[in-house]
Amino acid sequence: MKSKILLAVALLLAISTTTVWAADSSEKTNQKTGSYTNEDVWAAYEGFNNTLLDPDKYIYKTTSSYEQAVDRGHGAAAIWCQPIYWDMSMNAYKLAKAQKDKKKRAYYKELCEKIFAGNKAQYCHFDFDNNNENTGWFIYDDIMWWTISLARAYELFGVDEYLKLSEESFSRVWYGSKKVGDTGSYDKENGGMFWQWQPIHNPKPNRPGDGKMACINFPTVVAALTLYNNVPKKRKESTEESPKYQTREQYLAKGKEIYEWGVENLLDKKTGRIADSRHGNGNPAWKAHVYNQATFIGASVLLYKATKEKSYLDNAILAADYTVNEMSAKHNLLPFERGIEQGIYTAIFAEYIAMLVYDCGQTQYIPFLKRNIESGWANRDKTRNVCGGEYEKALPAGTEIDSYSASGIPALMLLFPAEK
């Protein structure tokens, strides 16, 4: 009930403040913005799916130029981005439910099931010990993004298979795989999570100077806390060396530990900037990316909700402020990065800034988020209702577009819909 009340307040504030923000920001972009409706929200998501979802396999394509999503390098979007698209379908289901639209609710519930089944068929039936480099698992964070979405899906639908796979994947990342031969992402000597194992086949143990990226550390916290919120309360601790499940208390402890390592090694405590990585005792790589800001925000919010310790909320706000005020300063819009798969960053940010807004009452970000939506939607390819990743620029009709860049605006719209 509390979340619903916050949602109503947030949306009312959004309506009253969006116009002011747009007026204040008009000098920073040449593109005009306009309001959007709930009809537009659904049109944007349908346009995204019509253009980029393989209708036979129910996995997403790399770009609109492919007819099918065959496999890695042949039309299938990255394995770690597929769960972000699954999150979007779950958010569509939740929005349809909130709007009391029974037809859409049933349709998007079925879509969620089809996307899960499609990815299960594509990716080794979620055998996380299969490290083939075409349809398998060969980087720790690729697995952890799925851990998060599977836990979320269990929270939403209560399907036992989702929880089982989520916990198995968490265990596989944390402890490693006897079949693959890696020793796990967790560094029990110095803390934090390693990003990868190398070589992919017949790997050697990670060394102290190997990379610990934000993109594995903060998603690990999000996964641990999401599982903490969903596993049975009276579990007994497993006695196995590499347990396939944890108790609630163990998930919380692991989340806290990795978060604290991240705060000490990857957070600029004055600005809220998140470093991309740190290698051993070397200086952090202070290149900020929106998705790292996002998962730090999400990790902070989840820990705040679990513990009620205000320092976590303060950190979430600090990181969100840096994203909005510094990283987005050029156009007063979320920045676009041109590296492969980097267009997905807005969709990830949408998920976690929504937690800060709705679960923590931080509605001050809504005008900025609405501005992104309005600008991106105004500049869409109107023939397909598909948006680009540079929200201040028009997307020409029929232009090839990648699913990563196209996901941002519909992801935001599903979480920050219009009032009517």
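A few remarks follow.
- Cross-link check: pairs K233/K256; K178/K254; K233/K269; K57/K393; K61/K109 evaluated at a Cα-Cα cut-off of 25 Å; pairs beyond the cut-off: K233/K269; K57/K393.
- Enclosing the Cα atoms of the chain in their convex hull gives a volume equal to 133 cubic angstrom per residue.
- Distance between region 264-285 and region 82-111 - C-alpha centres, whole angstrom: 37 Å
- Rounded Å value of the spacing that divides the Cα centres of region 166-223 and region 364-420: 35 Å
- The packing ranking, built from the mean of other Cβ atoms within 10 Å per residue, places the peptides 268-278, 155-165 in the order 268-278, 155-165, highest first.
- Peptides 342-352, 231-241, 401-411 ranked from most to least packed give 401-411, 342-352, 231-241, packing being the mean of other C-beta atoms within 10 angstrom over each peptide's residues.
- Cα gyration tensor shape for region 139-307, rounded if a/c is under 1.5, else prolate or oblate: oblate
- Nearest-ten-degree value, helix 160-175 long axis tilted from longest Cα axis of the chain: 60 degrees
- Gaussian network model of the chain, Cα within-10 Å springs - most flexible of A78, A44, A106: A106
- Eligible aspartates and glutamates near K97 by straight Cα distance, threshold 19 Å, same-chain separation 8 or greater: E39, D40, E46, D87, E110, E113, E155, E351, D359, E419
- Eligible aspartates and glutamates near K330 by straight Cα distance, threshold 13 Å, same-chain separation 8 or greater: E27, E390, E392
- Relative to the dominant Cα principal axis of the chain, helix 366-378 is inclined by about 70°.
- Among R248, R105, R380, the largest mean-square fluctuation in a Gaussian network model of the chain, built with springs joining Cα atoms closer than 10 Å, belongs to R105.
- Whichever aspartates and glutamates have a C-alpha closer than 19 Å to that of K179, once near sequence neighbours (fewer than 8 apart) are set aside: D127, D129, E133, D141, D142, E167, E168, E240, E241
- Cβ crowding within 10 Å averaged over residues, with 295-307, 64-76, 217-229 ranked highest first: 217-229, 295-307, 64-76
- Rounded if a/c under 1.5, otherwise prolate or oblate - region 152-192, Cα gyration tensor axes: oblate
- Tail weight of P(r) past 19 Å, computed on alpha-carbon pairs of region 54-208, percent: 56 percent
None of the figures in this text is laboratory data; all of them are computed from the coordinates on show. It should be emphasised that the depicted structure is a prediction, and the values quoted were computed from it without experimental measurement. No Cβ is skipped: glycine too gets one built from the backbone with ideal geometry, and neighbour counts run over all protein chains shown.
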